Each structure stands twice: as structure tokens, then as C-alpha cells.
Amino acid sequence: MSEKQVFATQAIAFKGADTKDPLAFRYYDASKVVHGKKMEDWLRFSVVYWHTFRAVGADPFGPQTLHRPWDTSDDITREFDAIAESCKHRVDAAFEFFTKLGVKYYAFHDRDVAPELATIDESNKLLEVVTDYMKVKQQETGVKLLWGTANLFSAPKYANGAATNPDVKIFAHACAQVKKAMEVTHKLGGEGFVFWGGREGYQTILNTDIKKELDHMAAFFHMAVAFKKSIGATFQFYIEPKPKEPTKHQYDYDAQTVMCFLKQYNLDDHFLLNIEPNHTTLAGHSYEHDIVLSAAYGKLGSVDCNTGDELLGWDTDQFLMDERKATLVMKAIVDMGGFTTGGLNFDCKVRRESNDLEDLFIAHVGSMDVFAKGLLNAVKLIEDGRLDQMKKDRYASWKEESLGSKVESGQATFGDLEAFAKANATPKIASGKQELYERVFNDSL
Ligand SMILES: [Mn+2]
């Protein structure tokens, strides 16, 4: 392969808070120890293959605006070796980018790195050849795979769903594709494997048997669990919730829905959640809701750390540039002791108007810095202690009254509570103090 570099940008350096250089870190100092851990270990940044190396800026109203030097040809009617060379050319560019940016992880879908060919065998052969090359690049650079996944939403055959398709023949294609994607993720030492069901849901309830589709999706996940065991893979499975888009109603609606599904079908031991805040806001929740909720139940595995636009009702996958939101996310992550297999994965794309190659660096560097600042703010909040103490004090009666522990341990009856209520007059209603909480939060910024 050619060793010619495609990016004019040099390796990104930490220059401190006073720098005005958009291609330098102001806050992200990878090896600096904060609250007992290196910043890089708290943040575990990952770059995505799909947006950063495959997005061309097309939208439903207009075609390609981003022309990348690594996109030599998408023509799959060429000879196998020529197709493989094009794919490897893109791999070179990707690893040059990861290395210059200074991230330790990346993530990809099978079809991002190797297009689907005429048969399953040909597609699998190409995926093996390209991922063999990716393995070499991982060894050369030390960059690792945060997670792999199968694209079960782009191919026309998945228009009516993959694991929830009404036709078992399409369901079989989805299983075959996931099986191969798991094999190559295992080969690359991936630390995780994600399921995102963009076509798992319905457009009209009139043609859809919801119970049957959910039963099929559960059967699909049980087979994935069994196959993972059979190949000796240890990567963590994640489900990524999203309420809608492209499908009108998606079954993996939000964190709480997915957690209930996993319980219902005895799958909860095998899956954590990969939370994308832009999906959370599409579900009508605040930015941090699914992160905080899944973390509270020990189910937060990884984060696709993007954001949406409050005035647009779709998934804009923007780079987060808002320090307040980053602080809320990092507070939840530090509170749970950090990631194990997951990380902050930039499932983000530059705008179709941001057509300089350099914009890819500016976007990642800017957002990495926002999360680094968010980490520093979160640690400041935790070490200051006021916010956590105020929240704890709000529930003090549950500790002060012996009845509280009786309820929490499941020992109380309605009769006990009725007797207590009769014996104790209604107390003064405590102030919620929202503005005070907001003021204390602001002190961390
Ligand atoms: Mn995502």
C-alpha cells in the first residue's frame, strides 16, 4: 500500500487553555491524571468509520458535497483485487487520522470498510481481506477497535426490517451478516459489538404483528449470544436505543424500553446499552436522561457522544460543543467509576457545508476538548461535594424515619404506612431548590 499521507494537518498537541489554535487541545491532556485516572482512560475517545470516512454530505435534497481523496471508486463491478485496493486505501487514511488525532479507538460497520458484493461468500471474502489489513494497521499504530457492528439498515433487502422482518428468508440474511461481523470483530480484538435497529419497528400498525416481531428479535439476540460463546469471543454486546428515524416507531425506543425488553426475554445478563444523546432527545427526553438512567441501573456501557439541533426533529449527529451537556455526561461517567469496555465514540459528522479536509480535525479536536473540560468540571463538582450532598439530603427522611428502611427493604405494608400517616401530621413541603442546584452546577463551569 502507498504510504502517502492524505492529511496536511500534523499531529495534534496539547497547548493549554490559553491557546487560540483550533488544531491544538486546550483541555485534553491525554496522560494527565485527574481524579485518580488519566484523562485518556476516563474519556476513551473513539472515531467512527462511517461518518468520518464514508459520509459524502448528501441529504434528501441534494447530492454529494464532500469529496475525499480516499474515495477513489465505489464501483463494485471491478475485479475483486481492485475493489480490495480501494478499501485498503481508505483504511490507510483512517489510521493516519486516528494517529494524528491521538485517539486510541475506532468503530465501524461491516459495510463501511467493505461493500456488499453479489454473494454472501464474496462479501465475506472481501471483509476478511480488508479486516486482515486493518489488523495489521492496528498492530502498527496501537489503535484498537472499540466496537464493531453489522449494517442491517442500508441494504434494500432490509426495508421491512432485519431481525423483525416478516419474511424469515430476510431474517436469515441478517443472521448470516451478523455472524460474519462478529467473527471479524473478534479477529480484530474488538472490545464491544453494537446492535442498532434502525429498521426494527413499524411504519403502520395495520400491517404489523408487534408481538411476533419482538419474539423474533429476542430469538435473534439469543442466537447472537450463543454464537459469541461458540467462537470464544469476550466482547461486550450493546444495544443502542433510538425511538424513530428511519422507521416511524422503533422497538429500541429509549433506555428504559430496552432494559425492559432485555428483562422480558431473559437477555439482560448479556447486554449493556450504547447511549446516543441525539437519540435520547428524539425520544423527548433531556440530553443526559438515558445516560443517567442506564448508569443508575449499571447498564451504561458506552456513549455515542454526539448532539442534535433543538430546532430540527431529526438526527443531525453533530459534534457536541456545549460544555454544560458534556459536564452532565462526564458526571454520570465519573460517578460510575468510568468505562470498562466502552468509550466516548464520535458518532458525529461534519456539516455538508464543512467541506475542508481540515474540518474533520477541527470538529474532533473541538469536541474532545469539550468533553475534557466536561470531565474537569464534573470532577470539580464531585470534589466540591455540595451538589451530591444537597441531593442526598433531599431524601434524608428515608433514613431518619425507621419506616423508610422498612419500605426500602420490602418489609412494610399499606397498613403500617396508614398508621404512620395518621400519627404524623403532614410536614412542611420542602423546597425543590431548582435554582440553587443550577447555581451550584454553574460554579463548576
Ligand atoms: Mn450511534
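The values are calculated or read from the model by the stated rules, or taken from the named source; none is laboratory data. On a predicted model such as this, the values are computed, not experimentally measured, just so you know. Because the Cβ atoms are built from the backbone with ideal geometry, glycine has one as well, and the counts that use them run over all protein chains shown. With ligands, DNA and RNA removed, areas are computed over all heavy atoms of the protein, side chains included. Shrake-Rupley method; radii C 1.70, N 1.55, O 1.52, S 1.80 Å.
Inverting the mean 1/r over all pairs of different Cα atoms, compute the Kirkwood radius of the range 1-99 and quote it in Å. Radius from the Kirkwood sum: 16.5 Å. In degrees, nearest 10, range 0 to 90: what is the angle between the Cα axis of helix 414-423 and the longest Cα principal axis of the chain? Here the helix axis deviates by roughly 50 degrees.
For the chain, the solvent-accessible area works out to 48 Å² per residue, with a probe of 1.4 Å and every protein chain left in place. Only helical runs count toward this figure. For the chain, summing -39,500 (n - 2.57) over DSSP H runs of n ≥ 4 and dividing by all residues gives -14000 deg cm²/dmol at 222 nm. On the principal axes of its alpha carbon atoms, the range 36-146 extends 53, 36, 22 Å, with the longest extent given first. Each other residue within a Cβ distance under 13 Å of G16 adds +1 if Lys or Arg and -1 if Asp or Glu, for a net charge of +1. Counting only Cβ charges, +1 for Lys and Arg and -1 for Asp and Glu, the dipole size of the chain around its Cα centre is about 780 debye. Residues whose amide H falls under 5 Å from that of D304, counting only those 5 or more places apart or on a different chain, are I275, E276, N345, with hydrogens built in the peptide plane.
For the chain, the relative contact order comes to 15 percent (Cα pairs under 8 Å, sequence separation of at least 6).
Rounded to the nearest Hz, the phi-derived 3J(HN,Hα) couplings of the range 84-101 under the Karplus curve 6.51 cos²θ - 1.76 cosθ + 1.60 (θ = phi - 60°) are 4, 4, 4, 5, 5, 4, 5, 4, 4, 4, 4, 6, 5, 5, 4, 5, 5, 6, where x marks glycine and proline. The H on the amide N of H249, modeled in the peptide plane, is under 5 Å from the matching H of Y202, each at least 5 residues off or on a different chain. Which percent of the accessible area of the range 1-147 is formed by carbon and sulfur heavy atoms (probe 1.4 angstrom)? Its accessible area is 53 percent carbon and sulfur atoms.
Expressed in nm to one decimal, what extension gain is obtained for the pair K38 and K229 from 0.36 nm per residue of sequence separation less their Cα-Cα distance?
65.5 nm
Out of every Cα-Cα pair that the range 253-360 contains, those further apart than 21 angstrom amount to 38 percent. Computed from Cα positions, the angle between helix 358-384 and the longest principal axis of the chain comes to roughly 20 degrees. Highest GNM mean-square fluctuation, the chain, Cα pairs closer than 10 Å: which of K392, K212, K20? Per the Cα network of the chain with a 10 Å cutoff, K392 tops the list. Amide H to amide H distances under 5 Å link F45 with K104, L344, where only residues 5 or more positions off or on other chains count and H is placed in the peptide plane. To the nearest ten degrees, helix 210-230 and the longest principal axis of the Cα atoms of the chain are 70 degrees apart. Extension gain, T99-R324: 0.36 nm per intervening residue step, less the Cα-Cα distance, totals 78.2 nm. Summing charges over neighbours of V292, with a neighbour being any other residue whose Cβ is under 11 Å away from its Cβ, gives -2 when K and R count +1 and D and E count -1.
Compared with the alpha-carbon gap, the fully stretched path from N266 to K179 is longer by 29.2 nm at 0.36 nm per residue. Rounded to the nearest Hz, the phi-derived 3J(HN,Hα) couplings of the range 202-208 under the Karplus curve 6.51 cos²θ - 1.76 cosθ + 1.60 (θ = phi - 60°) are 9, 9, 9, 5, 4, 9, 10, where x marks glycine and proline. If R0 equals 41 Å, the separation of the Cβ atoms of W398 and T340 corresponds to a calculated FRET efficiency of about 0.85.
Label positions at D359 and A8, each projected 7 Å from the Cα along the C-beta direction, are separated by 1.6 nm. Computing Rg and the Kirkwood Rh from the Cα coordinates of the range 389-442 gives a ratio, Rg/Rh, of 1.10.
Surface composition of the range 299-363: carbon and sulfur make up 49 percent of the accessible area, probe 1.4 Å.
When every alpha-carbon pair in the range 13-384 is counted, what percent end up more than 35 Å apart? Display every interim value, and only then the final one.
On the way: 14311 of 69006 pairs.
Percent of Cα pairs beyond 35 Å in the range 13-384: 21.
Averaged over residues, the count of other Cβ atoms within 10 Å places the peptides 149-160, 278-289, 261-272 in the sequence 278-289, 149-160, 261-272, highest first.
Distance between the pseudo-spin-label points of Q389 and E435 (7 Å out from Cα toward the beta carbon): 2.3 nm.
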